[in-house]
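The values are calculated or read from the model by the stated rules, or taken from the named source; none is laboratory data. For clarity, every value in this text was computed on a predicted model and none was experimentally measured. Here the Cβ is made from the backbone with ideal geometry for all residues, glycine too, and neighbour counts use every protein chain on show.
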Amino acid sequence: MDLGSGGGVPGLVLAELWPQAHAVLLDSMERRTSFLTDVVGELGWRGRVTVVRERAEVFGRVPDRRAAFDLVVARGFGPPSVTAECAAPLLRLGGRLVVSEPPEDDPGRWPAQPLSELGLRSLGLVEDGARFHVLEQVELCSDAYPRRVGLPAKRPLWLCST
């Protein structure tokens, strides 16, 4: 699952690397999802890559999508609190959330207590030419999340400086 897929990075790249996997590219913008739908068709991936135009807060409430994904990736989706709140309901137990990180360090970006409220645990930062934070779903996310559209950004579960 590529959360806030935009132009398709990293979702399309991962779909190329893992041809046996099914991928979902989620974005709320019609222009972006139209582009992604065209690309998926041109690549011949319609059977294994699904493009969805929907808000993440709404998609995370769809019963057959909750706890349905082994991996959620996010690149530029939003602040850590919004990304975690929108991703956690989608992850299976043991699933991973991988988020691209800015170059500067901020130890308060992924605080343990609010993450645990979402059933997430930080596994730490990975640096391999780029920086990624990896989190694991250690408990299923409560049905209280994600909150209604716009609320995760308006009233974040935590604040960070970056």
| field | Among the candidates 43, 90, residue that is more than 24 Å from residue 150 (Cβ to Cβ) and out of contact with any helix residue (DSSP H, G or I) (no Cβ under 7 Å at 6 or more places or on another chain) | value | 43
| task | Hey, could you check the stretch 67-81 for residues that are assigned to a loop (DSSP other than H, G, I, E, B) and of a type outside the set (Gly, Ala, Ser) and say which is surrounded by the most Cβ atoms within 10 Å (Cβ to Cβ)? | result | 77
| task | For residue 69, indicate whether it is over 19 Å from residue 157 (Cα atoms) and within 11 Å of the chain's Cα centre (by Cα). | result | yes
| Within the stretch 49-68, how many residues turn out to be free of Cβ contacts under 8 Å to residues at least 60 places away in the same chain and closer than 17 Å to residue 31 by Cβ? | 4
| task | Pick out the one residue from 106, 143 that is part of a loop (DSSP other than H, G, I, E, B), over 11 Å from the mean Cα position of the chain (by Cα), among the acidic types (Asp, Glu) and closer than 22 Å to residue 24 by Cβ. | result | 143
| What is the one condition in (1) part of a helix (DSSP H, G or I); (2) farther than 23 Å from residue 25 by Cβ; (3) in contact (Cβ under 8 Å) with a residue 40 or more places away in the chain that residue 115 does not satisfy? | (3)
| field | Qualifying positions in the stretch 83-112 - touching a residue at least 24 places away in the same chain (Cβ under 8 Å) and of a type in the set (Gly, Ala, Ser) | value | 84, 87, 88, 94, 95, 100, 108
| task | Give the residues of the stretch 140-162 that are in contact with a Ser or Thr (Cβ under 8 Å, 6 or more places away or on another chain) and within 16 Å of residue 95 (Cα to Cα), sorted by residue number. | result | none
| Within the stretch 101-146, can you find the residues that are among the polar types (S, T, N, Q) and surrounded by fewer than 13 Cβ atoms within 10 Å (Cβ to Cβ)? | 113, 142
| request: May I ask you to verify whether residue 75 is touching a Pro at 6+ places or on another chain (Cβ under 7 Å), at pLDDT 95 or above and basic (Lys, Arg)? | output: yes
| If you go through the stretch 150-162, how many residues are part of a loop (DSSP other than H, G, I, E, B) and either among the hydroxyl-bearing types (Ser, Thr, Tyr) or surrounded by 14 or more Cβ atoms within 10 Å (Cβ to Cβ) (or both)? | 6
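Results for (1) surrounded by fewer than 20 Cβ atoms within 10 Å (Cβ to Cβ); (2) part of a strand (DSSP E or B), shown as yes or no for each residue.
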residue: 58; (1), (2): yes, no
residue: 61; (1), (2): yes, no
residue: 65; (1), (2): yes, no
residue: 83; (1), (2): no, no
residue: 86; (1), (2): no, no
residue: 95; (1), (2): no, yes
residue: 99; (1), (2): no, yes
